[in-house]
Amino acid sequence: RAPAIDGSAEAVGLHLDEQSPARRPLATIAAATEQGNELVRGLMTFGRRAAYRPEAVDLVELTERTYGIVGHSLPATIEVSLDVPTTAGPFVLGDPVQLQQALMNLILNARHAMPDGGRITVRLRRCVAVHGPMACIDVEDTGSGMAPEVQARIFEPFFSARTDERTGTGLGLAIVHGVVTRHGGVVRCVSA
């Protein structure tokens, strides 16, 4: 975190009129600082230096809380639908902070797949895999899909198919993959 930069930019902003042309560069500073913060957090999670604190996690509550955080940052052109059980659970043993970060990354990735708007559906369900019962979280979007060569690389660190370099670090899906596998899960991508 860069509190000196954040704090200084915020302090300057307090002394400016709402119409001041200096507000735009301050917003750029704030955005660049946040992107740097995200990169450091991502590198720590990806490098497994982030603390792992497992506990019983109610995935319904986690999904609803995550949407409550991310939903405010989505443009009005994107509709989100939550399909979660009306009762508590399923529960998993895991680190709620890391699981929430993985889900946030999936939702934000879906958002970036639809620059002109669309629909994101987040579905939580119980499913059965080869290893037995599992909790499945599906994040679907109505974006245009990925070419096979892009899909083959989406979990690589620092890989990004986006042309605007300011929109991400290329760690989002690599972090998702790391968090899910660390929790004994599996990530599957289907694109059409």
Given R₀ = 25 Å, what would the calculated FRET efficiency be for Arg188 paired with Ala76, taking r from the Cβ atoms and rounding to 0.05?
0.25
Using 17 Å as the cut-off for backbone N distance, which residues of the stretch 98-122 belong to the label zone defined by a point 7 Å from the Cα of Thr142 along Cα→Cβ?
110-122
Report the rotationally averaged projected area of the stretch 60-154 based on its alpha-carbon convex hull, in square nanometres.
7.1
Before I look further, what does the stretch 71-122 give for accessible area per residue, probe 1.4 Å, in whole square angstrom?
50
In a shell of Cβ-Cβ distance under 14 Å around Val122, excluding Val122 itself, what net charge do Lys and Arg (+1) and Asp and Glu (-1) give?
-2
What order, most packed first, do the peptides 112-123, 68-79, 176-187 have when packing is the mean number of other Cβ atoms within 10 Å of each residue?
176-187, 112-123, 68-79
Can you work out the Karplus-derived ³J(HN,Hα) for every residue in the stretch 60-66? Use 6.51 cos²θ - 1.76 cosθ + 1.60 with θ = phi - 60°, whole Hz, and x for glycine or proline.
5, 4, 4, 5, 5, 5, 5
For the stretch 50-95, fraction of C-alpha pairs farther apart than 11 Å, in %:
72
On the accessible surface of the stretch 64-192, probed at 1.4 Å with all protein chains in place, carbon and sulfur together account for a percent value of 55
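The values are calculated or read from the model by the stated rules, or taken from the named source; none is laboratory data. Keep in mind that what you see is a predicted model, and the values were worked out from it rather than measured. Note that we place each Cβ from the backbone using ideal geometry, even for glycine, and neighbour counts take in every protein chain shown. Note: accessible area is taken over every heavy atom of the protein model, side chains too, but ligands, DNA and RNA are not part of it. Shrake-Rupley method; radii C 1.70, N 1.55, O 1.52, S 1.80 Å.
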